[in-house]
Amino acid sequence: MCLQMANLVTSLCCVVLAAVVVAYPRNADRIQYGRIGSDVTMQCGSLDNDASVSWKMNGTYVKAQHSLEGPRLILTNVSLNHTGLYTCFQKQDDDKHEAIFLQIGIPPLEPTITCRSNTYPQGFYCSWHQQHSTYINTTFDVEVQHNQRSLEVKKDLFHKNRCHVRFPEVFSSFPYKVNVTAINALGKASATKTFEESTIVKPDPPERVTATPIRFNPRRLEVSWHSPATWPDIDNFPLKYFLRYRPLIREQWQHVELSDTTSHNITDAYAGKEYIIQVAAKDTEIGTWSDWSVAVHATPWIEEPVPVVSTTEVEFHTDVNVLLLKADVK
């Protein structure tokens, strides 16, 4: 759910983190939350303190080690096993008085935030996560500011913990400030990340990398690739490339840095040895190198052996032909 602030070009992107999904029973009158390791007290409706009450958890009577104080059930040092539907009954009529769904979890920790632009100069995305599950529904509010102005934040359609932001201007010297607040029923925690535009530019890896042997050249491989499809303006924001290759029999890579080209001929390959080849990309001016492309394998051209005719076989047939010829003469 995205909340828009009045009179501001901004929205708060809220997503749900559900490491453990616990369905809320329809027959529960209310929901209550408890923190792992704490004591939890549940009140059976508005009954008087001297009311005689019994409790069930998921249909089974609660064991005696838990404390009962009139209409209250006290659970000590709760754990995830205490999550469930609790029902209370007045002992004199054994009629259900109230049903409470208890969920056990922990408050959120400060989120870990990562921001990156793989579509420069169009915009960037930020993603976040919790180091540990909270075990209960946790939402995230996200706000991005630049030059004392709140920016519009759009929720990612496929990643529940990611939002996208368009650059309000290119080559800006003002830093960006991203604040993410994690919120659940037991508490909330915020984290802030500040960065400059140039530090988050990182293309996706090159695509469709191929390596082809060159005929009659046992030490050469022709490598070609395409720029990442996510890079929107290759003409005005060109990429440079970093090629690495090695034979499978060795651990050490050889490297070549290239500009304004999407192909390269390897000329020092070992004849007959299989090679592994990868390519990375980077904006020519700013940012960092992409991850490596998917590895491709290739073997330089191998000369086909020339068929050898056995001289012994030739002599044998010759001798046979001579004997047949003499027999015909006689």
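The values are calculated or read from the model by the stated rules, or taken from the named source; none is laboratory data. Note that the coordinates shown come from a computational prediction; the quantities given were computed from them, not determined experimentally. Please note: Cβ atoms are built from the backbone with ideal geometry, for glycine as well, and neighbour counts cover all protein chains shown. Just so you know, the surface numbers come from the protein's heavy atoms only, side chains and all, with ligands and any DNA or RNA stripped out. Shrake-Rupley method; radii C 1.70, N 1.55, O 1.52, S 1.80 Å.
Accessible surface area normalised per residue over region 44-189 is 52 Å², counting heavy atoms of protein chains with a 1.4 Å rolling probe.
Annotation: S190 carries an accessible surface of approximately 50 Å², with a 1.4 Å probe and no ligand, DNA or RNA atoms counted. Given their separation in residues at 0.36 nm each and the Cα-Cα distance between them, A99 and S259 gain 50.7 nm when the chain is fully extended.
Ordered from highest to lowest accessible area with the whole protein assembly present and a 1.4 Å probe, L186, L73 read as L186, L73. For the cross-link pairs K202/K273; K63/K91; K154/K188; K177/K240, the ones whose C-alpha atoms lie over 24 Å apart are K202/K273; K177/K240. For region 108-118, 3J(HN,Hα) computed residue by residue from phi via the Karplus equation (6.51, -1.76, 1.60; θ = phi - 60°) reads x, 9, 4, x, 9, 10, 10, 10, 7, 10, 9 Hz, glycine and proline entered as x.
Potential lengthening of the chain between A189 and R215 amounts to 3.1 nm, from the contour at 0.36 nm per residue minus the alpha-carbon distance.
Restricting region 86-140 to trypsin sites (Lys or Arg not before Pro) that sit in a DSSP loop and have at most 15 other Cβ atoms within 10 Å of their own Cβ leaves K91. If R0 equals 56 Å, the separation of the Cβ atoms of S38 and V308 corresponds to a calculated FRET efficiency of about 0.05. Spin-label model, T284 to H132: label points 7 Å out along the Cα-to-beta-carbon direction sit 5.0 nm apart. Solvent-accessible area of K155, all protein chains in place: 90 Å² (probe radius 1.4 Å, heavy atoms, ligands and nucleic acids excluded). Electrostatic bookkeeping for S190 treats Lys and Arg as +1 and Asp and Glu as -1; over the other residues with beta carbon under 13 Å from its beta carbon, the sum is 0.
Under conditions of 25 °C and 0.890 mPa s, region 171-275 yields 138 µm² s⁻¹ as its translational diffusion coefficient, taking Rh as the Kirkwood radius over Cα pairs in the Stokes-Einstein equation.
Solvent-accessible area of E285, all protein chains in place: 150 Å² (probe radius 1.4 Å, heavy atoms, ligands and nucleic acids excluded).
Here each label is just a point 7 Å from Cα along the line to Cβ, and for R250 and V62 those points are 7.2 nm apart. I'd like to know which of A182, T230, P205 lies farthest towards the positive end of the charge dipole of region 182-233, counting +1 on Cβ of Lys and Arg and -1 on Cβ of Asp and Glu. So the residue we want is P205. With every protein chain in place and a 1.4 angstrom probe, the accessible-area ranking of R72, R215, R220, largest first, reads R215, R220, R72.
What's the FRET efficiency of K154 with H297 using the Cβ-Cβ distance as r and R₀ = 41 Å, to the nearest 0.05? After rounding to 0.05, the efficiency reads 0.55.
The chymotrypsin sites (Phe, Trp or Tyr not before Pro) of region 185-239 that meet both conditions, a loop assignment by DSSP and at most 11 other Cβ atoms within 10 Å of the site Cβ, are F216.
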